[in-house]
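To keep things clear, I will list the structure first and then write my remarks on it.
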Amino acid sequence: MVQDVTLIESTGAATVAGPDRPLRRNKDFLLLWSGASMSFLAARVTGVAYPLIALWHVGSPLAMSVVSTAALLPLLLVQLPAGALVDRWDRRRLMLMCEAGRLAVVGSVALALAAGCMTVAHLSAAAFVEASLAVFYRLAERGAVRNIVHPAHLSAALAQNEARGRAAGLLGQPGGVLLQSAARWLPFGFGALGYLISALSLLLIRRDFQQERPVRTSGNRMTVEVAEGMRWLWRQRFLRAALGYVAGTNVLFQMLALALILRIKEAGLPSATLAVVVGIGGAGGLGGALAGGRIQRWMRQRTLIIGGAVAWAVLIGAMGFTSGPVPLGALYAGTGFVGAVFNVAAAVYQIRTTPDALQGRVAATAGLIGSGTNALGSCAAGVLLAAWGAQATVRAIATAMAVLALCAVLAPALKGEITDDRNDTGD
């Protein structure tokens, strides 16, 4: 594993500009970052619109759960084959195909809504396809980053990527709420525009998105390639344990997201109120992303895991005792700050310790373990919200988070992380 990190340093330094060149002057990174920013913003806008349309315009919490589950199923069903294909195919070309496909899908939803002929089946299918293409795009973009930045800039680059995602949530989630309040088709029209801009930016990047790869013969089976990535990850004891913890927290946060929507509705507030909550919450996530690079260098992963779980349990527990949009938003901001810091630290650790040829498969396997159970969270949320209501469900989520924090404290495998004393630059 230490040898893998050394390999990253030596191969990466041969293909990108040296550390004396600031990251802000890396044109290819700026193009990739800005194009992906539009792609993430488009996905956030359409992502929040799917369950809102199902709940407010179909009038059924069950319909909301069905559409949300369809959008989350790709995290369970698509991750592993996507990881293998990302390691097989040209990353830039694959990302272009994803953007073209997502443009067509969200465009079909916009047209159907404008014509007044939208169905839950169409909405669910579109959410599934768009999310599936997003899995491919995210894996390819994540693997491309270290090939266009110097290893000394990797931590700063990934922190900026996390900040980009949080900023997309800060703008996209309330933006999606407001756009669908004005006209149901508008979030998806905006999404189509965002994917178009993202595709155009990819065409302007000159640097390759991957290192030279061995020629694969027709005998290379996808199952063998997927298994190779899984075996590598299985041998990393710390990553295994950390991903189990992440899987549990992701289930709870998926439940929390739907509970907050219903909490606003139960309080008799208009749907636009949700924009206030997610807007304030997004600001906390953006702050955590901007601080994540520095915090990642100061604290060990185990400390972040345990401290984050305790903080989440306290913050979510407080949500169970308030329904005001500003207090809910402030508490949501706290959860977002902690989550953003953890995401930066986890991304740096995984990318640095994984060989380039395995980036797609390892990231896909990690994504499957960490986020593949999100659909379970959506299904469970539908059942619990229908039976208990939003307030009791939020309190149950806080209790479960406290249990996860205790498990993290007791897990011996979380003491086995590999430390990295390199000083990244933040330029």
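The values are calculated or read from the model by the stated rules, or taken from the named source; none is laboratory data. It should be emphasised that the depicted structure is a prediction, and the values quoted were computed from it without experimental measurement. Note that we place each Cβ from the backbone using ideal geometry, even for glycine, and neighbour counts take in every protein chain shown.
Below, the figures for the structure above:
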| quantity | calculated |
| --- | --- |
| Residues of segment 315-339 that turn out to be under 18 Å from GLY287 (Cβ atoms) and small (Gly, Ala, Ser), as a count | 6 |
| Leading residue by the ranking (modelled with the lowest pLDDT) among those in segment 314-333 that are crowded, with 20+ Cβ neighbours inside 10 Å and over 12 Å from LEU260 (Cα atoms) | ALA333 |
| The lone exception for GLY268 - which of (1) in contact with a helix residue (DSSP H, G or I) (Cβ under 8 Å, 6 or more places away or on another chain); (2) more than 24 Å from THR399 (Cβ to Cβ) it fails | (1) |
| Residue check for ALA131: over 15 Å from ALA42 (Cα atoms), surrounded by fewer than 24 Cβ atoms within 10 Å (Cβ to Cβ) and touching a residue at least 12 places away in the same chain (Cβ under 8 Å) | no |
| When residues of segment 365-386 are limited to those that are of a type in the set (Ser, Thr, Tyr) and closer than 23 Å to TRP234 by Cα, the one surrounded by the most Cβ atoms within 10 Å (Cβ to Cβ) | THR365 |
| Residue that is assigned to a helix (DSSP H, G or I) and buried (at least 21 other Cβ atoms within 10 Å of the Cβ), where the choices are GLY279, GLY248, GLY244 | GLY279 |
| Test: residue in segment 108-120 that is buried (at least 22 other Cβ atoms within 10 Å of the Cβ), in contact (Cβ under 8 Å) with a residue 60 or more places away in the chain and within 21 Å of the chain's Cα centre (by Cα) | no |
| Residue in segment 75-83 that is at pLDDT below 80 and within 20 Å of SER371 (Cα to Cα) present | yes |
| Residues (surrounded by fewer than 22 Cβ atoms within 10 Å (Cβ to Cβ) and part of a helix (DSSP H, G or I)) located in segment 265-274 | LYS265, GLU266, THR273 |
| Any hit, segment 89-105, residues being under 30 Å from GLU266 (Cα atoms) and buried (at least 19 other Cβ atoms within 10 Å of the Cβ) | no |
| Tally, over segment 174-214, of residues that are more than 30 Å from ALA115 (Cβ to Cβ), surrounded by fewer than 19 Cβ atoms within 10 Å (Cβ to Cβ) and among the small types (Gly, Ala, Ser) | 0 |
